[in-house]
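Here's the structure we're looking at; comments come further down.
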Amino acid sequence: MKYEKITSIINDIASNFLCLDDLHVDVPTTGIFLNQLESLIAEGDAHGVGPLSRIAHGLSILLEKMVLNSVSQEEGCRSFEKGITVMQEITSSFEKNEYYDGDVDSFMESLTALTGVAEAISSEAYQIPVTDVIPEEEQEDDRFEVQDESLLKDFITEGLEYISEIEVNVLNLEQNPEDKDYINAVFRPFHSIKGVASFLDLKEIRELAHNLETLLDRVRSGELPVNSALIDIILDGADVLKDMIESLKEVLEGTRSHPLRPDTAELQSRIQNIDRSVDDDGEIKKLGAILIQDGAISEDLLEETLHDPAKSTTKRIGEKLIEDGKVTPKQVSKALRKQVQQTTATNTIRVDVKKLDDLIDMIGELVITQAMIKQNQTILKSSDRKLVSDISQLASITSELQRTSTSLRMIPIKQTFQRMARLVRDLTKNVGKNVTINLSGEETEIDRNMVEEIYNPLVHMIRNSVDHGIETPDERIKSGKPEKGLIGLRAYHKGGNIVIEITDDGRGLKRDKLAKKAIEKGLIKSADNMSDHEIFKLIFHPGFSTAEKVTDVSGRGVGMDVVKQAVEKLRGKIEISSTEGKGTTFATHFPLTMAIIDGMIVRVGQEKYIIPATAIRQLLRPLNTAYNNVVGKGEMLNVMGNLLPLVRLNDIFNIESAYKNPWEALVVVVEAENRSKCLMVDEVLGKEEVVIKGLGDGLKDIKGVSGGAILGDGNVGLILDPESLFVLSEN
Amino acid sequence: MDKSSKILVVDDFATMRKVIRNLLKQIGFENIAEAEDGEMALKELKSQHISFIISDWNMPNMTGLDLLKAVRADGDLCKTPFLMVTAEALQDNVVQAVKAGVDNYIVKPFTADVLNEKITGIIAKYKK
């Protein structure tokens, strides 16, 4: 029978309805009804039973309203019952091949009156306006009450983490505007922040997060395109949210009375007016660049196609090129695929850093204890082969354990790089230059604790490259370079270090001008015997950066001494290479971790000290004739033409040393803060990597030493701090 | 199901899980498991007996809706009560969840009382 299925569905609905306890359709039953009505609509449409579909559709909307509590259960149920009756009448008359003459229209009108949804509007197109749903409960209140401190703390930590995630993903999104995963990855944190903020009664944060979320929802649904205006709003919004969340932290710490309530009017109006903002072609060029790289098109052709006014601007570059027959769709899809960066999803677990640090510390202790057991006389003399092999097994397990434990704290440098990319983006806008940033080696890992430390020096160097390295677009065109400058950021491991290279294709350093300036300043006498490298290093001299003019001449120098100091403080070093007119590369070498130091072990009397290897310039036994006692300046040594002060470690630490005369002992030339001094020691015992141990609160302010370490033989050695040691030697 | 039954709270935001956990404690549920997305939730559901699921809608990897569908499609798990947490009562979202067989939904922010009401309501239905 033709209407068998329809009848059976309607009967099911009717019997389900009769089973209801009272006039109340609960959520699961609503689900069942909705699915039944859906198949009823499909059947009705298939068999041309229009009135049936109309009613079924109306009843679906009614149920949706009921489940959202915008129509009361009682009223809704009565209408629903009526609807079922009308549908039953329709089917029975159709089955009898009669025309249904009941009044469908008046029933539908009563439904519309109840739901407020006109028939023509389908449920898909109809959405409750989001703003209406947010309860506007609380009134303006200037007092801020901390509801639940531990929750708030968690929220601050996690919220800030989420915001930095947003920053990373927004930049990814800018590169891959079509990628739904990135849109979701930006959407979700705002969503989560909003959710928790609503529980914690953080009205402003909730509102802003909500508006940004709504904006992104429009992007997700394809209503808004991903363009630079949108990216800007999201980044600015994330900044404001971050400030607000950070201010909560200050409130908790007691340094603020109530949280920041920034004026978001400007931002809000930008969100409202996003539809009117103009798209730029940042993303389009990116695809073009890949096509050029692949050799599919030439640069000229790309420019031509991009600026061809005859072509519609709404089309993407790939489409235009295909249309013109310049490239094959395959080439474009290959390029597009290259654009998509695969994010590697890994399973992670959040662990308190303190716990991790403790674990790594304890493993460090274990390694040392293990080494002491191995060197124990009883064990060394033991003839028990089982014991010896067990001990060596223990040694290999502990060293493996140590390796794993240090890797626990390692994180990819990606996040830092992305922050740099953002910085370049912001900077270039300010200075009116056109720069692309090219990142590579983002997966290179570095100690989590180092990440924050290297941030400032890197920012300084990037700023320098953008400010002074890259020329203005006009200058670049004049010197035959592409208008858009390129800054490369590259990271890789080398030895125990992470190397971060900042490359620009700008004007480069001018050797002659640098040398001239240095001679004028009295920093050097003549540049004749100096290598390029040595000349370039002059820009790190503090005297160089104080002169404003130098910036214009050399194109470098602003605050580079600050950078160098910051890098050295982290026991790192900077290398420069540069070709005039071609560009400059700064390679900074940082240790992977602050937990381990590469040191030279020296002995003075019975004590052993560790000198950081990065501070050591030279090791020598001076000649008798090199020693001078200069009136007013104290003891000096002539080291390759330079008179350097002699520091007797035994005097400073008040211990007995084996030698009185420097020409009998050994001298270590140590550099810090652009000064060198000679440290006199009895013996150099060798080089060793040691795990740095704090001296504890009681001893931490002692000058001249920065920490202690347990040496391979189980003894304790103090790690010398050249900087404070120099100060100490002058008093 | 009683107060000692295990409830699974699914949300990618750890603070949110804590919020819900605290609310559950207020109404007497102490036995709580957590999962940070749908996939993890399914693993939890398969490895131990869970009497009640409270899940967020919007999560990475596997959304609350997908989790709901997976639970309903699984012969062993399909009878587990499922409460969906949503940010707003967006008609589209709610209707999708309702069609997929959710037992009820709850809109953020909510109080312990509202949560209690929803949970006891759902349990009462299952007892019948």
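The values are calculated or read from the model by the stated rules, or taken from the named source; none is laboratory data. Nothing here was measured: the structure is a model prediction, and the numbers come from that model. Reconstructed Cβ throughout: ideal geometry from the backbone, glycine too, with neighbour counts over all protein chains shown. The accessibility values were calculated without ligands, DNA or RNA, using every heavy atom of the protein model including side chains. Shrake-Rupley method; radii C 1.70, N 1.55, O 1.52, S 1.80 Å.
Numbers below:
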item: So A:Leu235, is it open to solvent by less than 10 Å² (accessible area, probe 1.4 Å), modelled with pLDDT of 80 or more and within 14 Å of chain B (Cβ to nearest Cβ); result: no
item: Selection from region A:19-70 of residues that are under 16 Å from A:Phe107 (Cα atoms) and either among the acidic types (Asp, Glu) or away from every other protein chain (no Cβ under 11 Å) (or both); result: A:Gly50, A:Pro51, A:Leu52, A:Ser53, A:Arg54, A:Ile55, A:Ala56, A:His57, A:Gly58, A:Leu59, A:Leu62
item: Selection status of A:Gly83, small (Gly, Ala, Ser), farther than 20 Å from B:Val98 by Cβ and more than 14 Å from chain B (Cβ to nearest Cβ); result: no
item: Region B:61-111: number of residues that are within 11 Å of another protein chain (Cβ to nearest Cβ) and either in a helix (DSSP H, G or I) or polar (S, T, N, Q) (or both); result: 16
item: Residue count for region B:115-128, restricted to those that are open to solvent by 50 Å² or more (accessible area, probe 1.4 Å), within 12 Å of another protein chain (Cβ to nearest Cβ) and in a helix (DSSP H, G or I); result: 3
item: Residues of region A:145-195 classified as part of a loop (DSSP other than H, G, I, E, B) and either away from chain B (no Cβ under 11 Å) or surrounded by 20 or more Cβ atoms within 10 Å (Cβ to Cβ) (or both), total; result: 6
item: Of all residues in region A:196-208 being under 25 Å from the mean Cα position of the chain (by Cα) and at the interface with chain B (Cβ under 10 Å from one of its Cβ atoms), the one that is surrounded by the fewest Cβ atoms within 10 Å (Cβ to Cβ); result: A:Arg206
item: Conditions (1) over 34 Å from the mean Cα position of the chain (by Cα); (2) charged (D, E, K, R); (3) closer than 18 Å to A:Glu688 by Cα: number failed by A:Arg621; result: (3)
item: Failed item, numbered, when A:Ser122 is tested on (1) closer than 30 Å to A:Lys65 by Cα; (2) at pLDDT below 80; (3) surrounded by 11 or more Cβ atoms within 10 Å (Cβ to Cβ); (4) at the interface with chain B (Cβ under 10 Å from one of its Cβ atoms); result: (4)
item: Matching residues in region A:10-30 - criterion: being open to solvent by 70 Å² or more (accessible area, probe 1.4 Å) and not in a loop (DSSP other than H, G, I, E, B); result: A:Asn11, A:Asp12, A:Leu18
item: Qualifying residue in region A:202-210 (condition: hydrophobic (A, V, I, L, M, F, W, C), part of a loop (DSSP other than H, G, I, E, B) and modelled with pLDDT under 85); result: yes
item: Hits in region B:37-57 (condition: within 13 Å of another protein chain (Cβ to nearest Cβ), touching a residue at least 40 places away in the same chain (Cβ under 8 Å) and part of a loop (DSSP other than H, G, I, E, B)); result: B:Trp57
item: Any hit, region A:470-479, residues being among the charged types (D, E, K, R), surrounded by fewer than 16 Cβ atoms within 10 Å (Cβ to Cβ), in contact with a helix residue (DSSP H, G or I) (Cβ under 8 Å, 6 or more places away or on another chain) and at negative phi; result: no
item: Condition met for A:Leu248 (away from every other protein chain (no Cβ under 13 Å) and either assigned to a helix (DSSP H, G or I) or not hydrophobic (A, V, I, L, M, F, W, C) (or both)); result: no
